[in-house]
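Asker: Got a structure for you, questions after.
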Amino acid sequence: MERRELELHYQPKVDLRTGRTSGTEALVRWRHPRKGLLPPAQFIPLAEEIGVIAPLGVWVLREACRQSKAWQDEGLPPLRVAVNISASQLRQNLLDDVVAALKDSRLEPKWLELEITESVVMQNASESIGMLERLSRMGIHLSIDDFGTGYSSLSYLKRFPLSTLKIDGSFIQDISRNPQDAAIVQAIVALAHSLRLMVVAEGVENEAQLDCVRSLGSDEYQGFLHSEPLPAFEFGRFLKAGLGLPLLGSLAAPAA
Ligand code: C2E
Ligand code: MG
Ligand code: MG
């Protein structure tokens, strides 16, 4: 962090009805001077272990809000930006950090989404409910990430002020060949919709998977089929290209 080697990449979420980009997820990477670009699995668990996940989480939150507002200021249509939240952030002062990140970036709360995995929510259920309610009342969207993999209790779905369930990619992987995966996805969609929650299918890599998640009623999807997570300037170009706008100004690639 001190050497400014962390960066955020952005992956679009796509509305299955309109085909339009409906939002984006910020995913952290470490541009290591010798090892190259490291995925979060290679340093997030370590950051947790040695106790630096809190400042890392604050940096991610602030950077995602800053970048999102910068795109808005460049005239791009506003997109909700989602940030992944770790267990220790939920236990510590997430509310203060979110308020500060929004204030300093001047991003409106409705353009921020927090993605929390089931197991993290459940570990902190009773302590975090009040804070999640306050975040939700501010207009921030709350999603459950990797839904279906973490915990068997569904009681939190009625207690927490959620807006979205993200179906874990492991159910999408074989969905076009495995009727059990399709049945699980169909059931999650039915559960979510009856609770008035949106559904995002994660990890859609090919047309067959896309056809399945569409026919099973998912609202949105995310995956390599549409786009990999992109560095910020490339994501800006991707958005402009999708709108048929010229790739001018600060969205062009920075000089090396
Ligand atoms: P996640 O939040 O479930 O993010 C989705 C992961 O799936 C990302 O991996 C993304 O690159 C990958 N992905 C997207 N589309 C596809 C696809 O079509 N196929 C496949 N096979 N994979 C796809 P990534 O970026 O390596 O992140 C892994 C996990 O690390 C994330 O899972 C999230 O739990 C965590 N993470 C990422 N950024 C942060 C962060 O800033 N803070 C915290 N606390 N955790 C983060
Ligand atoms: Mg996520
Ligand atoms: Mg996920």
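The values are calculated or read from the model by the stated rules, or taken from the named source; none is laboratory data. The shown structure was predicted, so the numbers you read here are calculated from the model rather than taken from an experiment. Neighbour counts run over all protein chains shown; Cβ positions are idealised from the backbone, glycine included.
Asker: Quick one: in the stretch 9-29, which of the residues that are of a type outside the set (S, T, N, Q) and in contact with a Pro (Cβ under 8 Å, 6 or more places away or on another chain) is nearest to ligand 2 (Cβ to nearest atom)? Steps first, please.
Answerer: Taking the stretch 9-29 and keeping what is of a type outside the set (S, T, N, Q), we get 9-10, 12-17, 19-20, 23, 25-29.
Filter once more, keeping what is in contact with a Pro (Cβ under 8 Å, 6 or more places away or on another chain): 9-10, 23, 25, 27-29.
Working: His9: 12, Tyr10: 12, Gly23: 12, Glu25: 5, Leu27: 7, Val28: 11, Arg29: 14 Å.
Step by step, filter the stretch 9-29, then rank; the result is Glu25.
Asker: Right, another one. For the stretch 207-241, which residues satisfy the criterion of being among the hydroxyl-bearing types (Ser, Thr, Tyr) and buried (at least 17 other Cβ atoms within 10 Å of the Cβ)?
Answerer: Going through the stretch 207-241, the residues among the hydroxyl-bearing types (Ser, Thr, Tyr) turn out to be 215, 218, 221, 227.
Residues satisfying the conditions are Ser218, Tyr221, Ser227.
Asker: Same structure, new question: Right, Leu27: touching a Gly at 6+ places or on another chain (Cβ under 6 Å) and closer than 26 Å to Leu210 by Cβ or not?
Answerer: Values: touching a Gly at 6+ places or on another chain (Cβ under 6 Å): no; closer than 26 Å to Leu210 by Cβ: yes.
Criteria not met by Leu27.
Asker: What pairs come out if I take residues in the stretch 126-151 that are over 14 Å from Val98 (Cβ atoms) and pair them with residues that are more than 16 Å from ligand 1 (Cβ to nearest atom) and among the acidic types (Asp, Glu) whose C-beta lies under 8 Å away, six or more apart or interchain?
Answerer: none
Asker: Further question: Of everything in the stretch 40-92 that's of a type in the set (D, E, K, R) and farther than 28 Å from Arg237 by Cβ, which residue is farthest from the chain's Cα centre (by Cα)? Steps first, please.
Answerer: Residues of the stretch 40-92 of a type in the set (D, E, K, R): 48-49, 62-63, 66, 69, 73-74, 80, 91.
Going one step further and asking which of them are farther than 28 Å from Arg237 by Cβ, we end up with 48-49, 91.
Working: Glu48: 19, Glu49: 23, Arg91: 20 Å.
For the stretch 40-92, the residue satisfying everything is Glu49.
Asker: Are there any pairs with C-beta distances below 7 angstrom linking a residue in the stretch 158-172 that is closer than 21 Å to Val213 by Cα and assigned to a helix (DSSP H, G or I) to a residue that is within 12 Å of ligand 2 (Cβ to nearest atom) and modelled with pLDDT of 95 or more, with the two at least 6 apart or on different chains, and if so which?
Answerer: Close Cβ pairs (under 7 Å, with a partner that is within 12 Å of ligand 2 (Cβ to nearest atom) and modelled with pLDDT of 95 or more) amount to Gly169/Glu202; Gly169/Gly203.
Asker: Further question: In the stretch 160-206, which residues are among the charged types (D, E, K, R), out of contact with any helix residue (DSSP H, G or I) (no Cβ under 6 Å at 6 or more places or on another chain) and surrounded by fewer than 19 Cβ atoms within 10 Å (Cβ to Cβ)?
Answerer: Applying the first criterion (among the charged types (D, E, K, R)) to the stretch 160-206 yields 166, 168, 174, 177, 181, 196, 202, 205.
Checking the rest, the ones that are also out of contact with any helix residue (DSSP H, G or I) (no Cβ under 6 Å at 6 or more places or on another chain) come to 166, 168, 177, 196, 205.
Within the stretch 160-206, Arg177, Arg196, Glu205 meet the criteria.
Asker: A follow-up question, please. Checking Gly203 against (1) among the small types (Gly, Ala, Ser); (2) assigned to a helix (DSSP H, G or I); (3) within 16 Å of ligand 3 (Cβ to nearest atom), which single condition isn't satisfied?
Answerer: Answer for Gly203: the failing condition is (2).
Asker: Moving on. Where in the stretch 12-126 are the strands (runs of 3 or more DSSP E), entirely inside, with at least 3 residues that are within 16 Å of ligand 3 (Cβ to nearest atom) and touching an Asp or Glu at 6+ places or on another chain (Cβ under 8 Å)?
Answerer: Numbers: elements: 21-32, 36-38, 80-84, 112-117.
Because the criterion is at least 3 residues that are within 16 Å of ligand 3 (Cβ to nearest atom) and touching an Asp or Glu at 6+ places or on another chain (Cβ under 8 Å), the strands (runs of 3 or more DSSP E) in the stretch 12-126 that meet it are 21-32, 80-84, 112-117.
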